[in-house]
């Protein structure tokens, strides 16, 4: 079986077009990522956007997101993060939801069913899966007996960056109670929120996340600052290129700065 290629961009933090955020223009940074995708990864099955698509959840940001991603030859699957507003996103991407008001859906791929989860808890930086969303997840897992991949904005685990760990999924144990009976067929969990290329596992299930196109979270493993602030930085941006077949899930991080001219080693 040939690899199925999917792309993951996360934490776009789009502002009103033309407005900078932390010294960069989110619209220009996303446009640069799309330019690179069109040049190098036009064969991807789809592009997954794992939340925090708008900095302040305003309509202008989602209109710009729709305009920019319309250049892609592949489907685009947007998800929500804590900076997003469901109603505004669904106005421009009506197919992103399942009709319940949540931005959640199932996407079929040759490598298994990908479940896109909505972990937004409006007004809070941390994530939540309430009983209604957990029931939807349980139903999806029960209805489908094949391999499964999950995507969610908020991580269900601590990653050792205290400033971000305070904003993880708040009810990880309830989430685990739903997925644990199916753990042997959950191949991977794709995460957003963390603004870093991180790989590992949670209770035996592989996880990964990727940089933001615009700004990053610094790798600060010290104790939580007294003010709870998240340390940011301008590390080089990247997005994830994910290759999946029957035997493996491989996550590459495509640097948006391509590193200059290529040469033989």
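Quick look at the numbers
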| read-out | value |
| --- | --- |
| Residue check for residue 206: assigned to a strand (DSSP E or B), closer than 21 Å to residue 119 by Cα and more than 14 Å from the chain's Cα centre (by Cα) | yes |
| In the range 112-136, residue nearest to residue 242 (Cα to Cα) [restricted to those that are in a loop (DSSP other than H, G, I, E, B) and in contact with a helix residue (DSSP H, G or I) (Cβ under 7 Å, 6 or more places away or on another chain)] | 117 |
| Identity of the residue in the range 96-111, under 17 Å from the mean Cα position of the chain (by Cα) and either free of Cβ contacts under 8 Å to residues at least 60 places away in the same chain or buried (at least 19 other Cβ atoms within 10 Å of the Cβ) (or both), that ends up farthest from residue 244 (Cα to Cα) | 102 |
| Test: residue 58 is out of contact with any strand residue (DSSP E or B) (no Cβ under 6 Å at 6 or more places or on another chain) and within 30 Å of residue 111 (Cα to Cα) | no |
| Some residue of the range 138-160 being touching a residue at least 12 places away in the same chain (Cβ under 8 Å), part of a loop (DSSP other than H, G, I, E, B), surrounded by fewer than 18 Cβ atoms within 10 Å (Cβ to Cβ) and at positive phi | yes |
| Filter result (in contact with a strand residue (DSSP E or B) (Cβ under 8 Å, 6 or more places away or on another chain), farther than 24 Å from residue 97 by Cα and either in a helix (DSSP H, G or I) or free of Cβ contacts under 8 Å to residues at least 12 places away in the same chain (or both)) within the range 161-189 | 163, 164, 183, 185 |
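Each reported figure results from applying straightforward, stated rules to the coordinates on display, with no laboratory input. As the structure is a computational prediction, the values presented were derived from the model and not from experiment. Positions of Cβ are backbone-derived with ideal geometry, glycine not excepted, and every protein chain shown enters the neighbour counts.
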